[in-house]
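Peer 1: Structure in structure tokens, see below.
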Amino acid sequence: MAWNVFKFCTALRALGSIMIVLVLGIIGVTYYVIVVANYGPALFHGGLDSFVALLVLVLFHSMLVMLLWSYFTTVLTDPGGVPPNWRPSIDEESGDADPLVGLAHEGGRCILKMDHHCVWVVNCVGALNYKYFLLFLFYTFLVTTLVTLSLLPQFLAFFSVGEENGTPETLVATFVTFVLNLSFALSIMGFLIMHISLVLGNTTTIEAFEKKSNPKWHYDLGRRKNFEQVFGTDKRYWFIPAYSEEDLECMPVLQGFEYPTRPDLDELQQF
């Protein structure tokens, strides 16, 4: 009997509170270093220093608000699932009949357009929260990149003789924050590029690894429509974790669209 990989998701839930605290802890340390220790005091230096500090603080707070909004929307939004009594009549890839028979008895749950289970958001990433997850990645990349560039002078000064600005605790916090944000920026950049390619191909991480190498993925609607499948058609909402009323009306999956039950599918197949 094949091992059910989705049982692993249950074990990952135990890390939920720890991961949320870890994320908020990293944000808290970064906020202290940027606002309290460095660019907050620089506002009162006057001249160019004050202008740069104001610019950094405005950008940092704006992006941080969007990051936190996207993060908690991803955490709190159900990824979406098919009704418990629904079963596919045939596996589209393998051709096997009743491929999910017995899954419900093993405590599994089918997630709509499941991409992966993310320990950082303590949730599965699926049809209903994929946009929010991508925006979380996007704003995290922007924030970590801004922090890295903003702390670069202080990081370089850390290795310069006679240029010690601040207490030893502040210097260590600045050094650690720079290294952490640089690491996150580089890793998230690769992750973001991968997901952009998945969105443009109207596929998911799981499908990309499991699907057969066909000349054309039969769910590929073209890059524009593939993008709108995730982000909606209203450009005003592309960069915020929400959908317009028009998009909600045009995207049944966001309205809790009820999939037909197995008997209904069988009836349809008779015609």
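Peer 1: Label-point separation (nm) for LEU152 and MET194, each offset 7 Å from Cα along Cα-to-Cβ?
Peer 2: So the two model labels end up 2.7 nm from each other.
Peer 1: Also, I was wondering about something else. Under 12 Å from the 7 Å Cα→Cβ point of GLU210, by amide nitrogen: which residues of segment 176-196?
Peer 2: Backbone N within reach: none found.
Peer 1: Take the Cβ-Cβ distance between PHE239 and LEU54 as r, set R0 to 22 Å, and report the resulting FRET efficiency rounded to the nearest 0.05.
Peer 2: 0.45
Peer 1: So who's got an amide H within less than 5 Å of the one on GLY81, skipping anything under 5 residues away but keeping other chains? H placed 1.01 Å off N, in plane.
Peer 2: LEU112
Peer 1: OK, next. Quick check: with the 1.4 Å probe, what order do HIS61, HIS116 take by accessible area, largest first?
Peer 2: HIS61, HIS116
Peer 1: Also, quick follow-up: Could you please report the charge total around SER244, scoring K, R as +1 and D, E as -1 over all other residues with beta-carbon less than 15 angstrom from its beta-carbon?
Peer 2: With Lys, Arg at +1 and Asp, Glu at -1, the net is -3.
Peer 1: 5 Å is the cut-off here: which amide hydrogens, built 1.01 Å from N in the peptide plane, fall below it relative to HIS116, excluding neighbours closer than 5 in sequence?
Peer 2: Residues meeting the amide H criterion: VAL125.
Peer 1: To continue, here is another question. What list of ³J(HN,Hα) values in whole Hz, one per residue of segment 50-65 in order, does the Karplus curve 6.51 cos²θ - 1.76 cosθ + 1.60 (θ = phi - 60°) give from phi, with Gly and Pro shown as x?
Peer 2: 5, 5, 4, 4, 4, 4, 4, 5, 5, 4, 4, 5, 5, 5, 5, 4
The values are calculated or read from the model by the stated rules, or taken from the named source; none is laboratory data. For clarity, every value in this text was computed on a predicted model and none was experimentally measured. Note that we place each Cβ from the backbone using ideal geometry, even for glycine, and neighbour counts take in every protein chain shown. Please note that ligands, DNA and RNA were not included when accessible areas were found on the heavy atoms of the full protein model with its side chains. Shrake-Rupley method; radii C 1.70, N 1.55, O 1.52, S 1.80 Å.
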